[in-house]
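Everything below concerns the one structure shown next.
The values are calculated or read from the model by the stated rules, or taken from the named source; none is laboratory data. This is a predicted model, so every value here is computed, not measured. Because the Cβ atoms are built from the backbone with ideal geometry, glycine has one as well, and the counts that use them run over all protein chains shown. Just so you know, the surface numbers come from the protein's heavy atoms only, side chains and all, with ligands and any DNA or RNA stripped out. Shrake-Rupley method; radii C 1.70, N 1.55, O 1.52, S 1.80 Å.
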There are 2 protein chains.
Amino acid sequence: MLLAAAGSATAQSAAATTSKTDSLNIRKLYDEALLRGQSYANLRDLCTRIGGRLSGSPQAEQAVQWGKTEMEKIGLDRVYLQEVMVPHWVRGAKERARATGAKGKGIDFNVCALGGSVGTNGKLKAQVVEVKSMAELAALPADKVKGKIVFFNRPMNPAYVETGRAYGEAGDQRRSGASEAAKRGAIGALVRSLSLAHDDYPHTGAMRYEDGVAQVPAAALSTNGADQLSQLLKADSDLTFELEMACQTLPDVKSYNVVGEIRGSKYPDEIITVGGHLDSWDLAQGAHDDGTGCVQSMEVLRLLKVTGLKPERTVRAVLFMNEENGVRGGNKYAEVAKSTNEKHLAAMESDGGGFTPRGFNIEADAATVRKVQRWQPLLQPYGSAEFNAGHAGTDIGPLKGQAKALIGFDCDSQRYFDIHHAATDTFDKVNRRELELGGASMAALVYLLSKYGL
Amino acid sequence: MLLAAAGSATAQSAAATTSKTDSLNIRKLYDEALLRGQSYANLRDLCTRIGGRLSGSPQAEQAVQWGKTEMEKIGLDRVYLQEVMVPHWVRGAKERARATGAKGKGIDFNVCALGGSVGTNGKLKAQVVEVKSMAELAALPADKVKGKIVFFNRPMNPAYVETGRAYGEAGDQRRSGASEAAKRGAIGALVRSLSLAHDDYPHTGAMRYEDGVAQVPAAALSTNGADQLSQLLKADSDLTFELEMACQTLPDVKSYNVVGEIRGSKYPDEIITVGGHLDSWDLAQGAHDDGTGCVQSMEVLRLLKVTGLKPERTVRAVLFMNEENGVRGGNKYAEVAKSTNEKHLAAMESDGGGFTPRGFNIEADAATVRKVQRWQPLLQPYGSAEFNAGHAGTDIGPLKGQAKALIGFDCDSQRYFDIHHAATDTFDKVNRRELELGGASMAALVYLLSKYGL
């Protein structure tokens, strides 16, 4: 209701401040994307020739070189690498897990270490106590937790239409479950995968140890696996769970953000950043998370270039390193921008997958949100006109206070968490048209920002 | 722009005519669909246990019995079959095709007969002439066409955001290509598949012979195959194409629409129909076309039933038979409704796949369209609020003039034609949440129609 109201209330001012030319230019951007878009071919390259690219891995470094080379091909005014030290966590040999009941028959589980977890140093073997929340854990008597593995099994809430909201609400289990468990004397943590699919793939993702708390191993179970373990525990609460993981954290490694830019023709010192993150988890190809955001950001520059729509302000594509387990690239980019007194007009991020566009989430003061919403009618013919105030993104987050507006590209969220951080996040899950439409939507808004400012 | 304007202009009147109760009741429908929806499980059954179900086939009859049984399980006031005679076209043995150039080396092509085509009666062997349009065909000299196979190779226009529009514009080639070719003396027709994907799967679909024109065989090539044949013809315009198809039309067969209804509590004589088509092409499982529309229509009744939202007007789910090659079921349903003086308030159809909902297309007079648009704000939280005037659907089309409004469920159209009428239209292409959200959106609008009328 808010959306529709905002749209029409500002339709007239949009008509006043934009022109028929804008409408035609935006059509040009979409035509180029739909007829000759390069996002899909670039994504195929990144996913199938390099694959998963966790920070610090050889693949991450290949991806840096790939990004630089591909941006150079577009013929930009400047392409460069921005150095940043990143964490280097490695999974090691494939993880193993087994539950054994009183009758001695073992059942194997698909598990994966959560990113940042310590290994088990051989086999970890303990009883399991299941909880649905931190509060439930806190309320358990000490002897129910001590020496055990805590199994966090609260599902993502499927009733939310926006899946990101369900992800956010269930995320504490993965992020801080291990330390919360350790505070109560537990020796390990198992976490139900943050996924709305019912399948056998465990989903990894970042976890963090709290300072001064014992570091215990943490692993994800698939959603089916979590349901199964819960059933087994109902029948035999004394069953023994064995977990074997060889993951470890190595010293930090030098890596890079990859940056390419078209210099603004009128206001070169005003910068519009558009980016995705180049690193991914190691289990799959990092297709929707976030290869799509990278190729779309590069495509924004290419679309502006080949359509001849020279931006009046500087437009910069950034392939951020290390979003997944540290945000070191995003932090570095904001730090450098601050220390060199760069004037950031806006920063846009695509990190919700390469699905059909719905619109944008705008993180700015109310007046600036309304300014961006003026352009909503121009995106209406492309189904990308849901312009709402909201969280924009992780990598551009550190630019808050430096950029007038942070803008998150918003696309259909139904399928994202089915494959997010799991072995299933592969190139074949991406639809060419959905991906290219996203790049075009982003280019359209960047074009308007570069022409009218904020 | 129109959409947003319409939304807010009517927001106040919506607030006046609907209540907080409506908002809560709609939430109930979505909760039930997202938490315990049955569409996905029903679709798995239909697709994997019965599969493709072309009119007249044993599978179509199994599907009729399946639909009746499943509707009976919901506990409706009435479930019945409505008899209708349907065409019975059979594909016969797998089709074969080969192009052979001057150098004698043959290249095989994936082809499939278009639905309704005659067979080749052995091998059809001829040279090929490629055209992009009926106008181009008409302009060719007689000797360029006579005795040849006409190859219609105009792609669907990828620049349209709404893929249905591109399908509509390219469809003449498939529907009437054979007769247009025959009028110029050609002995066969090849048609580029109506798909926006670049792959090796031919897409079938209905074609019709014009009265008094020679009936020549017509087959579809995959999009990759069409590109390849076009390349070969550029190098060697005299190449010979061999086509072998065993398809034929048998006598009409008795079949059925499957109907289930909840009687209206206040106005039982006012009917709201919601339907999809039960028949499908034979090449795949008919998942998105239109198993999804069937299970969603059944789900509308189930959602109303289990949430206790007794409709004030009669709500009827119809699984139409024979949409694909005859629309006999849709015609029969409207005929019976007319002959029995049924009062149809509205008819809704889902036949664009089971993808994420976007809204509804409303086919009615302007005042009625505005009445339906009053409810747009209630669907806004679910991302299903694009209420536009537009074409509603094929099976409910014959109710035009009898029903006050025809309403087409509108969902994301990007992936639909990639798999439409091809071997790839299988259950695994359907996402559970996208499908269930569609059923909930349809139920929400049916609930409002049943409460407020038009």
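All Cα-Cα separations within the range B:94-143 were binned at 10 Å from zero, giving a P(r) of 18, 39, 40, 3, each value a whole percent of the pairs.
Inter-copy label distances at residue A:62, using a point 7 Å along Cα-to-Cβ, come to 4.6 nm with the shortest given first. Take residue A:420: with every protein chain present and a 1.4 Å probe, its accessible area is about 10 Å².
In a reduced charge model with +1 at each Lys and Arg Cβ and -1 at each Asp and Glu Cβ, chain B shows a dipole moment near 360 debye about its Cα centre.
For the range B:73-116, the convex hull drawn through the C-alpha positions has a volume of 133 cubic angstrom per residue.
Summing Cβ point charges (Lys, Arg +1; Asp, Glu -1) relative to the Cα centre of the range B:95-246 gives a dipole of roughly 300 debye. Each DSSP beta bridge with both residues in the protein assembly as shown is either parallel or antiparallel, and the antiparallel ones are about 50%. Rg ratio for the range A:200-322: its Cα radius of gyration over 2.2 N^0.38 Å, N being its residue count, equals 1.64. Based on the reciprocal of the average 1/r between different C-alpha atoms, the Kirkwood radius for the protein assembly as shown equals 29.6 Å.
If you sort B:288, A:88 by accessible surface, 1.4 Å probe, largest first, the order is A:88, B:288. Taking every full run of DSSP H in chain A, the ones that stretch at least 27 Å from end to end by Cα along their long axis and average -0.5 or higher on the Kyte-Doolittle scale are A:432-452. When the charge dipole of the protein assembly as shown is built from unit charges on Cβ atoms (+1 for Lys and Arg, -1 for Asp and Glu) and taken about the Cα centre, the candidate among B:300, A:247, B:366 whose Cα reaches farthest toward its positive end is B:366.
Only protein heavy atoms count here; under a 1.4 Å probe, residue B:230 has an accessible surface of about 10 Å². Largest accessible area first, the residues B:76, A:29 order themselves as B:76, A:29 under a 1.4 Å probe with ligands, DNA and RNA left out. In the assembled protein chains, residue A:450 presents an accessible area of approximately 0 Å² (probe radius 1.4 Å).
Karplus-derived 3J(HN,Hα) values for the range B:186-200, using 6.51 cos²θ - 1.76 cosθ + 1.60 with θ = phi - 60°, are 6, 10, x, 9, 10, 10, 4, 4, 7, 8, 9, 7, 9, 8, 9 Hz; glycine and proline are entered as x.
Rounded to the nearest 500, the helix-only mean residue ellipticity at 222 nm of chain B stands at -10500 deg cm²/dmol, with each DSSP H run of n ≥ 4 adding -39,500 (n - 2.57). In chain A, Rg over Rh equals 1.01, where Rg is the alpha-carbon radius of gyration and Rh the Kirkwood radius from pairwise Cα distances. Accessible area ranking (1.4 Å probe, heavy atoms, ligands and nucleic acids excluded), largest first, for A:349, B:70, B:136: B:136, B:70, A:349. Per-residue packing, averaged as other Cβ atoms within 10 Å, sorts the ranges A:114-120, B:119-125 into the order A:114-120, B:119-125, beginning with the highest. The Cα-based radius of gyration and maximum Cα-Cα distance (Dmax) for the range A:20-75 are 15.4, 49 Å.
Remark: accessible area buried at the B-A interface is about 3000 Å², both chains counted, probe radius 1.4 Å. Mean projection of the Cα convex hull over all viewing directions, computed for the range B:95-246: 8.5 nm².
In a DSSP loop and with at most 15 other Cβ atoms within 10 Å, there are no trypsin sites (Lys or Arg not before Pro) in the range B:420-454. Starting from the label point of residue B:428 at 7 Å along Cα→Cβ, the same points in the other copies fall at 0.6 nm, in ascending order.
A 1.4 Å probe run over the range B:95-246, with the rest of the protein chains in place, finds 43 Å² accessible per residue. In summary, the convex hull built on the alpha carbon positions of the range A:334-438 has an orientation-averaged projected area of 7.6 nm².
Remark: label point of residue B:78 defined 7 Å out from Cα along the Cα-Cβ vector; separations to the same position in other copies 7.5 nm, ascending. For residue B:220, neighbours were defined as the other residues whose beta-carbon sits under 11 Å from its Cβ, and their charges (Lys and Arg +1, Asp and Glu -1) total +1. Taking every DSSP bridge with both residues inside the range B:206-344, close to 35 percent are antiparallel.
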